[in-house]
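The values are calculated or read from the model by the stated rules, or taken from the named source; none is laboratory data. Keep in mind that what you see is a predicted model, and the values were worked out from it rather than measured. Cβ: placed from backbone, ideal geometry, glycine included. Neighbour counts: every protein chain shown.
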Amino acid sequence: MESLDCILQRRSVRKYKDEQLPREMIEKIIDYTKYAPSWANTKVVRYMCVVDKELKSKLANCSDPANAHYIEQAPALFVLTAVKGRCGTDRRGGIYYHTPKEWLMFDAGIAAQTLCLVAYDLGVSTLIMGVFDGDRYVDLLDIPEDQELVAIISAGYADEKPVAPKRKETSEILQIL
C-alpha cells in the first residue's frame with residue numbers, strides 16, 4: 001500500500017471480529033513500528049501487547065467507561081511506554097529545546113501513529129485511547145519506574161467500516177509566510 005493511501009484510508013475502529021491476532025502479526029507490527037523516528041535515535045518507546053482476556057478485563061475496569069468495552073472486546077491491546085530522561089537531552093544529560101518530558105511524548109506520539117499506520121497496512125485496525133487510570137495500569141502491567149505509560153491502542157480485525165470524518169479546509173489550518 002502506498003503511504004498516502006494508508007494515511008487517507010486508515011480509521012479508528014471500535015468494533016473488532018472475534019478473531020485473535022497471531023503472535024507473528026503482533027511481532028511484525030512492532031518490527032516495522034520500531035523504524036519510527038525518535039530524538040537522536042534514542043528509541044525510548046517500549047511496547048507491550050496484552051492478549052490475555054482476564055488482564056484486558058482488569059485494564060478495562062480502570063479505564064474510562066466509554067473505552068472499557070473497546071478494551072475488553074479487542075483481540076489485542078498495545079501498551080506504549082517510554083524510557084524517562086533520554087529524549088530532549090544530549091548524552092551528557094544537558095537539556096536542549098523544551099523539556100525531556102515533552103520530547104518523550106513527541107516521540108511516543110510518532111511511535112503510536114506509526115504503529116497504527118503499520119497495522120492498517122497489514123490489515124489490522126486500531127484505536128488510540130487516552131483516558132485511563134495510569135497508576136493502576138502501571139501496577140497491573142508492572143511497568144518499570146524508569147518508564148512512563150504514554151498510550152494504549154486496541155487492535156484487531158475490523159468488524160465495521162467507519163466513514164471518514166469531515167476535515168477542515170487547508171486554508172483554515174495552513175499559514176504560509
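Points to keep in mind about this one:
- Filter result for Ala68 (touching a helix residue (DSSP H, G or I) at 6+ places or on another chain (Cβ under 9 Å), closer than 30 Å to Arg167 by Cα and at pLDDT 95 or above): no
Yes or no, residue by residue, for (1) in contact with a Gly (Cβ under 7 Å, 6 or more places away or on another chain); (2) at pLDDT 90 or above; (3) closer than 15 Å to Ile152 by Cβ; (4) part of a helix (DSSP H, G or I):
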position: Asp5; (1), (2), (3), (4): no, no, no, yes
position: Lys58; (1), (2), (3), (4): no, yes, yes, yes
position: Arg86; (1), (2), (3), (4): no, no, no, no
position: Thr114; (1), (2), (3), (4): no, yes, no, yes
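- Given (1) in contact with a Phe, Trp or Tyr (Cβ under 8 Å, 6 or more places away or on another chain); (2) at positive phi, number of the condition Asp142 does not satisfy: (1)
- With respect to (1) modelled with pLDDT under 95; (2) assigned to a helix (DSSP H, G or I); (3) exposed (fewer than 14 other Cβ atoms within 10 Å of the Cβ), the lone exception for Leu104 is condition (3).
- Filter result for the condition that a residue is surrounded by 14 or more Cβ atoms within 10 Å (Cβ to Cβ), in contact with a Cys (Cβ under 9 Å, 6 or more places away or on another chain), among the small types (Gly, Ala, Ser) and modelled with pLDDT of 95 or more, over Ala119, Ala155: Ala155
- The single condition from (1) within 17 Å of Tyr137 (Cα to Cα); (2) in contact with a Phe, Trp or Tyr (Cβ under 9 Å, 6 or more places away or on another chain); (3) at pLDDT 95 or above that Asp52 fails is (2).
- Residue within segment 140-147 that is assigned to a helix (DSSP H, G or I) and in contact (Cβ under 8 Å) with a residue 24 or more places away in the chain present: yes
- Only one of the listed residues (Val163, Val118) is out of contact with any Gly (no Cβ under 9 Å at 6 or more places or on another chain), within 20 Å of Leu4 (Cβ to Cβ), among the β-branched types (Val, Ile, Thr) and outside any helix (DSSP H, G or I). That residue is Val163.
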